[in-house]
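Working notes, structure below.
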Amino acid sequence: MATANQGPTGGLTPHIMILNNRAAEAIDFYKAAFGAEEMTRMAAEDGVRLMHAHLHINGSSLMLNDDFPEYRGPGATPEGPPAGTVLHLQVDDADAWFARAVAAGATVRMPLQDMFWGDRYGHLGDPFGHVWSIAHPIAK
């Protein structure tokens, strides 16, 4: 059975695909919007696309890559991120994180507000079609 603190080999890490060969642009956006730290970047043999990138955001990992249609398999045609997928950031100051992301080019999908469950919470859209929620606990 897994323990709550798995260390570097445990946990769950989102791995997102960026359409239209914009992964390098996405990395720059995530640095500006969320203070991402780039850990790894690996170019594909074609010299155009990124095969793999690994970022740290707020103490967690995010992996991403450009689209590789030749490896998707028959019938697979992504039209963007799956509906219902939200990348969540639990932070120390949601207002500051939200403002930084908007200044970097994120769009407000749901303004920050104090929610009944005890968080200050809102949604942003990034320029690559992914939805991010940002929250911090409301002091009681």
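The values are calculated or read from the model by the stated rules, or taken from the named source; none is laboratory data. Since we're looking at a predicted model, the values are computed, not measured. Positions of Cβ are generated from backbone atoms using ideal geometry, with glycine treated the same way; all protein chains shown enter the neighbour counts.
When the residues of region 109-127 are filtered to those that are within 20 Å of Ile18 (Cα to Cα) and not acidic (Asp, Glu), which remaining residue is surrounded by the most Cβ atoms within 10 Å (Cβ to Cβ)?
Restricting to residues being within 20 Å of Ile18 (Cα to Cα) and not acidic (Asp, Glu), the top hit is Leu124.
When residues of region 34-74 are filtered for being touching a residue at least 24 places away in the same chain (Cβ under 8 Å) and either touching a Cys at 6+ places or on another chain (Cβ under 9 Å) or under 21 Å from His88 (Cα atoms) (or both), how many remain?
13
Kindly indicate the residue of region 94-117 that is touching a strand residue (DSSP E or B) at 6+ places or on another chain (Cβ under 6 Å) and in a loop (DSSP other than H, G, I, E, B) and also modelled with the lowest pLDDT among those meeting that condition.
Looking at residues that are touching a strand residue (DSSP E or B) at 6+ places or on another chain (Cβ under 6 Å) and in a loop (DSSP other than H, G, I, E, B), I get Met115.
Residue check, Asn65 against (1) closer than 21 Å to Glu37 by Cα; (2) of a type outside the set (A, V, I, L, M, F, W, C); (3) outside any helix (DSSP H, G or I); (4) at pLDDT 95 or above, all met but one. Which one?
Exception for Asn65: condition (4).
Under 7 Å by Cβ, and 6 or more places apart or on different chains, what pairs join a residue from region 106-125 that is over 18 Å from Ala33 (Cα atoms) with one that is part of a strand (DSSP E or B) and hydrophobic (A, V, I, L, M, F, W, C)?
Listed by first residue and then by second, the contacts come to Asp119/Ala135; Arg120/Leu112; Arg120/Ala135.
Going by what's in this entry, would Gly80 be described as on the phi > 0 side of the Ramachandran plot, touching a Gly at 6+ places or on another chain (Cβ under 9 Å) and modelled with pLDDT under 95?
Taking the combined requirement at face value, the residue satisfies it.
Can you name the residue in region 23-48 that is modelled with pLDDT of 95 or more and part of a loop (DSSP other than H, G, I, E, B) and is also farthest from the chain's Cα centre (by Cα) among such residues?
Going through the qualifying residues, I end up with Gly35.
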